[in-house]
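Written out below as structure tokens is the structure these notes cover.
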Amino acid sequence: MNVLSKELEKLLQKEADEEEYQKARIRFHKHYYWLRQKEDKRLFNRLSLEGRRKIHKYILGIYMLKNRLGGFSYEVLRDNRDNSASPVIYAITHVGKYDIEVVSEAIKAHYYLLSGDYEHLQGTIDAAFLALNGVFYFNEKVKEDRKAVCDKMIDHLKQGGNLMYFPEGTWNLSPNLPVLPCYWGIVDIARAGEATIVPIAATQYGKHFVINIGENFNVNLYESSVEGKTAAIRNLRDVLATLEWEIWESRPVQLRSELPADEWKKYIHDRLAEWPYFTEEYIDGMILKK
């Protein structure tokens with residue numbers, strides 16, 4: 001049972017009394033980390049990278065079965081990555097709950113997922129599959145946790161492992177932005193872990209995904225200064241946006257007059273229905289504000 005999500009829901013309501021709110025916040029974090037530490041001690045969380053690679057094909061098989069039973073399908077528009085490169089960070093645009101499983105099926109390669117959503121995944125069947133395949137959880141509100149997970153990811157990459165990373169930090173439900181503003185942490189991780197980035201755009205049409213995989217992105221072409229990292233993440237975002245545009249251009253042209261008046265409202269409803277823990281307000285709070 002997902003107990004953390006209920007606690008978080010109460011916490012986000014923010015009690016009128018600030019003192020009570022702070023007490024509730026402390027209680028939530030205490031419970032959150034107790035459950036995370038308990039999870040880390042379980043057998044499947046102590047599997048080696050090599051062990052996870054060996055069972056990845058079975059996890060992938062389960063994902064493929066879930067996708068078919070759920071009615072999900074996909075097509076790869078282009079795949080321009082260098083498959084000989086290692087290690088790799090798969091930088092993916094984020095459109096909803098199911099893009100992880102569908103993109104996993106498309107790229108085939110093993111990876112560890114970076115997730116800031118433990119409070120919602122805790123106690124679900126999804127958490128078990130992520131744990132078996134490999135996942136790094138972090139609490140984006142806690143600075144020490146962000147630093148700790150960065151160290152874990154760098155060490156993982158140096159061992160030759162791959163990562164799945166959503167640089168937007170949350171779902172993109174914007175009606176006009178191909179890609180949301182991206183956090184530059186992925187640039188620091190790629191540089192320190194001596195990894196290349198594979199940009200991937202994923203767009204969902206009903207239960208059909210179109211996936212566009214770009215050429216490897218080398219962060220070492222940029223300086224390690226603030227200006228250099230800013231340029232790197234800006235250009236990576238531009239690459240992802242171009243991949244998205246290519247997907248849009250590949251679709252049949254539709255006139256605005258032919259579309260239902262409530263089409264976008266229905267799209268938002270369908271995405272949020274996939275994962276009831278998210279609301280538009282919650283997602284907006286996760287977007288990088290410049």
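When Rg and the Kirkwood radius Rh are both evaluated on Cα atoms of the range 208-290, their ratio Rg/Rh stands at 1.07. Kirkwood radius, the range 86-220, all distinct C-alpha pairs, inverse of mean reciprocal distance: 15.3 Å. Under 5 Å between amide H atoms, partner at least 5 residues away or on a different chain: which partners does ASN216 have, H built in plane at 1.01 Å? Under 5 Å from the amide H of ASN216 lie the amide H atoms of ASP82, each far enough along the sequence or on another chain. Charged neighbours of TRP275, selected by a Cβ distance under 12 Å, balance to -3 (K, R count +1; D, E count -1). Residues whose amide H comes within less than 5 Å of that of VAL135, counting only those at least five positions distant or on another chain, are LEU113 (H built at 1.01 Å from N in the peptide plane). If one computes the Cα centroid of the range 55-134 and of the range 230-261, what distance in Å separates the two points? With the range 55-134 and the range 230-261 each reduced to a Cα centre, they are spaced 22 Å.
Report summary: the helix-based calculation at 222 nm, which adds -39500 (n - 2.57) for every DSSP H run with n ≥ 4 and divides by the residues of the chain, gives -16000 deg cm²/dmol. Protection proxy ranking of 243-249, 104-110, 281-287, by the mean of other Cβ atoms within 10 Å over each peptide's residues and highest first, is 104-110, 243-249, 281-287. Across all directions, the average flat footprint of the convex hull enclosing the Cα atoms of the range 148-229 is 6.7 nm². Shown for the range 136-271: lysine pairs separated by 8 or more places, or found on different chains, whose C-alpha atoms are under 24 Å apart, numbering 11. For LYS57, the aspartates and glutamates whose Cα falls under 14 Å of its own Cα, not counting residues fewer than eight places away in the same chain, are GLU101, GLU105.
Using a cut-off of 13 Å between beta-carbons, work out the net charge of the residues near ASN212 (Lys and Arg +1, Asp and Glu -1, ASN212 not included). That works out to -4. Using the Karplus relation 6.51 cos²θ - 1.76 cosθ + 1.60 with θ = phi - 60°, the per-residue 3J(HN,Hα) values for the range 163-179 come to 10, 10, 9, 10, x, 6, x, 6, 5, 8, 10, 6, x, 9, 9, x, 9 Hz, with x marking Gly and Pro. Our summary gives the chain a relative contact order of 23 percent, counting only alpha carbon pairs under 8 angstrom and 6 or more residues apart.
Take 259-269, 58-68 and order them by the average number of nearby Cβ atoms within 10 Å per residue, most first; the result is 58-68, 259-269. Using the average count of surrounding beta-carbon atoms within 10 Å as a protection proxy, the listed peptides 145-153, 163-171 rank, highest first, as 163-171, 145-153. Where Rh denotes the Kirkwood radius from the mean inverse Cα pair distance, what is Rg over Rh for the chain? That ratio is 0.95, to two decimals. Length available on full extension from ASP155 to ARG27: 0.36 nm per residue minus the Cα-Cα distance, which gives 43.0 nm.
Coordinate-derived values only; no laboratory data. Just so it is clear, the structure is predicted and the values come from calculations on it, not from any experiment. With ideal geometry, Cβ positions are generated from the backbone for all residues, glycine too; neighbour counts draw on all protein chains shown.
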